[in-house]
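Report on one structure; see the data block that follows.
The values are calculated or read from the model by the stated rules, or taken from the named source; none is laboratory data. This one's a predicted model, so the numbers in the text were calculated from it and none came from an experiment. Positions of Cβ are generated from backbone atoms using ideal geometry, with glycine treated the same way; all protein chains shown enter the neighbour counts. SASA here: full protein model, heavy atoms, side chains in, ligands and nucleic acids out. Shrake-Rupley method; radii C 1.70, N 1.55, O 1.52, S 1.80 Å.
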Amino acid sequence: MTEMTNSSARPGRHLDVPRVAKDLVVTALIATAIFGSTIAFRTVSAAGGLGLTTRFDVAFYVIAAVVVGRLLLWIFFWSKPAGEPAVEIPAGIKSGFAHVAARLGKIFGPAMLIIALVFPFLPFTDRYLLDLSILILTYVMLGWGLNIVVGLAGLLDLGYVAFYAIGAYSYALLAQYFGFSFWMCLPLAGILAAFWGIILGFPVLRLRGDYLAIVTLAFGEIIRVVLLNWYKFTGGPDGLSGIPRPSFFGIPFNRGEDGFAEIFGLEYSSIHRIVFMYFLILALALITNFVTNRLRRLPIGRAWEALREDEIACRSLGLNTTSVKLTAFATGGMFAGFAGSFFATRQGFISPESFTFIESALILAIVVLGGMGSQVGVVIASIVMIGGFEVFREAEQYRMLIFGLAMVVIMIWRPRGLISTRIPSIFLKEKKAVSADMVSQGEGH
Amino acid sequence: MTATPLLEIRNVETYYGKIQALKGVTMEVKAGEIVTLIGANGAGKSTLMMTICGDPRAAAGQIIFDGQDITKLQTHEITRMRIAQSPEGRRIFPRMTVYENLIMGATTSDPAYFDEDLSRAFELFPRLKERRDQRGGTLSGGEQQMLAIARALMARPRLLLLDEPSLGLAPLVVKQIFEAIKELNDKDGLTVFLVEQNAYHALKLADRGYVMVNGNITMSGTGKELLASEEVRAAYLEGGAH
């Protein structure tokens, strides 16, 4: 208590003694309730059943530690006068950090790519990690696809998973009814998803922002409900099973003489197929990224970005906003279609369960957290989100709570997403990435 | 000056829902002229400007550009006829660079002319050249207005529609902008249709002017005539001259 009075006497600090005392009593009670039951009593196996030993001393120390810890927090952190920021970062360090971050940003992309390429051959990579990274890459691809619609064209799409579902079901159904192979279905799934992108695009041409979000959300649900109820065709809630696995350009992954292992003189291992899947989704994701980056430099990509910035200005410059919007929906949908057919062939089984709204929300969260329009941001956000889900699997029901909190914190800390810069699609001497925070927002949002 | 007008507006009526914004407007812009339309807030000036571009669409009447009826065309088809607009409130693309904004302006024009047009735009507004790789949103208001005009010029327009270029700008910058418009008209013979609230500057600049009140054209004449007119002075110029 002497410590406390000392600190309250210091100028500029106010320690409300009765309030702190009350808080400490409450803390002690809560700690007693928790640790009193969990630490103070311990069951031991004794002869003829369970015995009970008490450890009141240990429990007391733990409770004391909690109370003292809280007291220290009161003294050193919570007693500052209001209005004074908790920690002041000197401007020099801040700009230095930005400089380092900018340099890191330059090598980050290539470094990630090299890691991704050698990842399956690293000694510690096992089946579990490989499966996880395939999942992460699937979301990276979906994130990049959605980035075209949301990040570049600024059209908020809450039903993106519908295109993913269309891709998955296209492959599954074409394989089931016509016996088409994966490599035939992949482009078909993309085309079908793009086609549905245009179908969705037409009714929402006049809508913006919130209204657009509602209609796209409904579209996602319609697709899912149709898949669920069209029992004869899609199998309804039973889903579709026995979807053929992809072959290595015609060579199946099996034990037989014409199998992948035999032909390449390798010992048969079930991991071959997983590694192939890994490279397949990596290639698909990289194609998505490559195409997006190319499109950004072409008139159509620039038109998407201009549309995000200001639709009226676009119209006044003679852009046909109808076709600009439809191409954005179609291109974004196409990549989701590719990802969907990959998903179907990887799982071997699909049902409408896999295409619920939460998937759309997750993909959108990846795009928004990563920073709208940023390709690298999507990668980081996917690793954090999907990898994070796995890391926190132990936490079970608290997992969503942790994620909710993390997202709130990120949005407070970086309201424009992790990577909030936009690199010009064309420049004279050097790329100058200006933080989006410094630029006023366009009308498109 | 040629006899047939480049832009002819005949009895155009425009509605916002049930509210009639334009009540039969008739006017014309001849090739090589600077024509200004002045009027108070809510008179329908910007509506007329937007109706020319097809959004909102004219409910009645005709808009004829270079002998062709454009009343029923889509906005992007109209702009493809080389009518360029610098819209009200500038509406540049804030997160795109000055250069990218100018590229967007050249959407409808032949890429072969791009370099020539770009250097001409930079010549007209040297400030934009300095700011070439800077985000549009970080420019000052005056620079943004220059960018909006330069962007419209990238379409190689035969008719330039300017909607309140002086809005929210310092008097000195307004002067600069108006000088640039004058230069475009003198040197390149560009036809300009200018909507302004800043009646004094606009009428001084323009060959001819129209006055709009509540969706009707109430007066017309040369810039000098309108400047001298008692009514115009009373309504739009009191305290405005400086």
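Would you be able to tell me the number of residues in the range A:171-220 that are of a type in the set (D, E, K, R) and open to solvent by less than 60 Å² (accessible area, probe 1.4 Å)?
Let us first name the residues in the range A:171-220 that are of a type in the set (D, E, K, R), namely A:206, A:208, A:210.
Restricting the remaining residues to those that are open to solvent by less than 60 Å² (accessible area, probe 1.4 Å) gives none.
Residues that pass the stated criteria total 0.
Of all the numbered requirements in (1) open to solvent by 20 Å² or more (accessible area, probe 1.4 Å); (2) at pLDDT 95 or above, B:Lys18 misses one, and that requirement is (2).
Taking A:Arg422, is it touching a residue at least 12 places away in the same chain (Cβ under 8 Å), touching a Gly at 6+ places or on another chain (Cβ under 8 Å) and not aromatic (Phe, Trp, Tyr)? Don't jump to the end; show me each part of the working.
On the way: touching a residue at least 12 places away in the same chain (Cβ under 8 Å): yes; touching a Gly at 6+ places or on another chain (Cβ under 8 Å): yes; not aromatic (Phe, Trp, Tyr): yes.
Yes: the conditions hold for A:Arg422.
Inspect all residues belonging to the range B:145-154 and state whether any of them is touching a Leu at 6+ places or on another chain (Cβ under 8 Å), more than 14 Å from chain A (Cβ to nearest Cβ), closer than 23 Å to B:Thr79 by Cα and of a type in the set (D, E, K, R).
So in the range B:145-154, the residues touching a Leu at 6+ places or on another chain (Cβ under 8 Å) come out as B:145-147, B:149-154.
Right, trim to more than 14 Å from chain A (Cβ to nearest Cβ) and you get B:146.
Okay, now just the ones that are also closer than 23 Å to B:Thr79 by Cα, so B:146.
Right, trim to of a type in the set (D, E, K, R) and you get none.
No, because not a single residue in the range B:145-154 is touching a Leu at 6+ places or on another chain (Cβ under 8 Å), more than 14 Å from chain A (Cβ to nearest Cβ), closer than 23 Å to B:Thr79 by Cα and of a type in the set (D, E, K, R).
When A:Leu117, A:Leu130 are checked against the criterion of being under 30 Å from A:Pro352 (Cα atoms) and modelled with pLDDT of 85 or more, a single residue qualifies: A:Leu130. Take the residues of the range B:65-107 that are at the interface with another protein chain (Cβ under 7 Å from one of its Cβ atoms) and in contact (Cβ under 8 Å) with a residue 60 or more places away in the chain: which is nearest to B:Leu161 (Cα to Cα)? Going through the qualifying residues, I end up with B:Gln85. Count of the range A:312-358 residues, restricted to those that are away from every other protein chain (no Cβ under 14 Å), open to solvent by 10 Å² or more (accessible area, probe 1.4 Å) and aliphatic (A, V, I, L, M), is 3.
B:Ala58 meets all of the listed conditions (1) touching a residue at least 24 places away in the same chain (Cβ under 8 Å); (2) open to solvent by 70 Å² or more (accessible area, probe 1.4 Å); (3) farther than 18 Å from B:Leu153 by Cβ but one, namely (2).
When residues in the range B:109-127 are screened for being touching a Leu at 6+ places or on another chain (Cβ under 7 Å) and within 13 Å of chain A (Cβ to nearest Cβ), 2 of them pass.
Can you confirm whether the range B:179-199 contains a residue that is open to solvent by less than 10 Å² (accessible area, probe 1.4 Å) and of a type in the set (Ser, Thr, Tyr)? Looking for residues that are open to solvent by less than 10 Å² (accessible area, probe 1.4 Å) and of a type in the set (Ser, Thr, Tyr), one finds at least one in the range B:179-199, hence yes. Counting only helices (runs of 4 or more DSSP H) wholly contained in the range A:223-308, the ones carrying 2 or more residues that are at pLDDT 95 or above and not hydroxyl-bearing (Ser, Thr, Tyr) occupy A:271-297.
Scanning for something open to solvent by 60 Å² or more (accessible area, probe 1.4 Å), at negative phi, assigned by TED's automatic domain parsing to the domain that holds A:Ile199 and touching a residue at least 24 places away in the same chain (Cβ under 8 Å), does the range A:292-304 turn up at least one residue? Yes - at least one qualifying residue is present in the range A:292-304.
Only a single item in (1) within 14 Å of chain B (Cβ to nearest Cβ); (2) touching a residue at least 12 places away in the same chain (Cβ under 8 Å); (3) in contact with a helix residue (DSSP H, G or I) (Cβ under 7 Å, 6 or more places away or on another chain) is not met by A:Glu309, and it is number (3).
Filter the range B:200-242 down to the residues that are assigned to a loop (DSSP other than H, G, I, E, B) and either β-branched (Val, Ile, Thr) or in contact (Cβ under 8 Å) with a residue 24 or more places away in the chain (or both), then identify the one that is surrounded by the fewest Cβ atoms within 10 Å (Cβ to Cβ). Write out each step before concluding.
So in the range B:200-242, the residues assigned to a loop (DSSP other than H, G, I, E, B) come out as B:206-207, B:214-215, B:229, B:238-242.
Checking the rest, the ones that are also either β-branched (Val, Ile, Thr) or in contact (Cβ under 8 Å) with a residue 24 or more places away in the chain (or both) come to B:206-207, B:214-215, B:240-242.
Details: B:Ala206: 27, B:Asp207: 17, B:Asn214: 14, B:Gly215: 22, B:Gly240: 12, B:Ala241: 11, B:His242: 6.
Taking the candidates together, the pick is B:His242.
Remark: pairs (first residue in the range A:151-163, closer than 16 Å to A:Ala194 by Cα and touching a residue at least 24 places away in the same chain (Cβ under 8 Å); second residue assigned to a helix (DSSP H, G or I) and open to solvent by 10 Å² or more (accessible area, probe 1.4 Å); Cβ separation under 6 Å; 6+ apart in sequence or on different chains) = A:Gly159/A:Leu217; A:Gly159/A:Phe219; A:Val161/A:Glu359; A:Ala162/A:Phe219; A:Ala162/A:Ile223.
Filtering the range A:221-253 to residues that are open to solvent by less than 20 Å² (accessible area, probe 1.4 Å) and on the phi > 0 side of the Ramachandran plot leaves A:Gly235, A:Gly236, A:Gly239.
I'm checking my understanding of the structure. Among residues of the range A:144-168 that are in a loop (DSSP other than H, G, I, E, B) and on the phi < 0 side of the Ramachandran plot, which one is most open to solvent (accessible area, probe 1.4 Å)?
The initial filter retains those residues of the range A:144-168 that are in a loop (DSSP other than H, G, I, E, B), namely A:153-160.
Applying the additional criterion that residues be on the phi < 0 side of the Ramachandran plot yields A:153, A:155-160.
Numbers: A:Ala153: 0, A:Leu155: 4, A:Leu156: 62, A:Asp157: 1, A:Leu158: 35, A:Gly159: 1, A:Tyr160: 1 Å².
Per the stated criteria, the residue is A:Leu156.
Residue under question is A:Gly256, and the condition is that it be more than 24 Å from A:Tyr139 (Cα to Cα) and either open to solvent by 10 Å² or more (accessible area, probe 1.4 Å) or without any contact (Cβ under 8 Å) to a residue 12 or more places away in the chain (or both); does it hold? Judged against the criteria, A:Gly256 is a match.
What number goes with the only condition from (1) buried (at least 22 other Cβ atoms within 10 Å of the Cβ); (2) out of contact with any Pro (no Cβ under 7 Å at 6 or more places or on another chain); (3) outside any helix (DSSP H, G or I) that B:Gly42 does not pass? Of the numbered conditions (1) buried (at least 22 other Cβ atoms within 10 Å of the Cβ); (2) out of contact with any Pro (no Cβ under 7 Å at 6 or more places or on another chain); (3) outside any helix (DSSP H, G or I), the odd one out for B:Gly42 is (1).
When B:Ile70, B:Ile63 are checked against the criterion of being more than 30 Å from A:Gly373 (Cα to Cα), touching a Ser or Thr at 6+ places or on another chain (Cβ under 6 Å) and either at pLDDT 95 or above or open to solvent by less than 30 Å² (accessible area, probe 1.4 Å) (or both), B:Ile63 stands alone in meeting it.
Of all residues in the range A:175-194, those that are more than 22 Å from A:Leu142 (Cβ to Cβ) have Cβ atoms under 6 Å from Cβ atoms of residues that are surrounded by 15 or more Cβ atoms within 10 Å (Cβ to Cβ), 6 or more apart or on another chain, in A:Phe180/A:Leu174.
Considering B:Leu48, B:Leu22, B:Leu73, the condition of being in a helix (DSSP H, G or I) and either among the acidic types (Asp, Glu) or in the same structural domain as B:Glu183 (by TED's automatic domain parsing) (or both) is satisfied by B:Leu48 alone.
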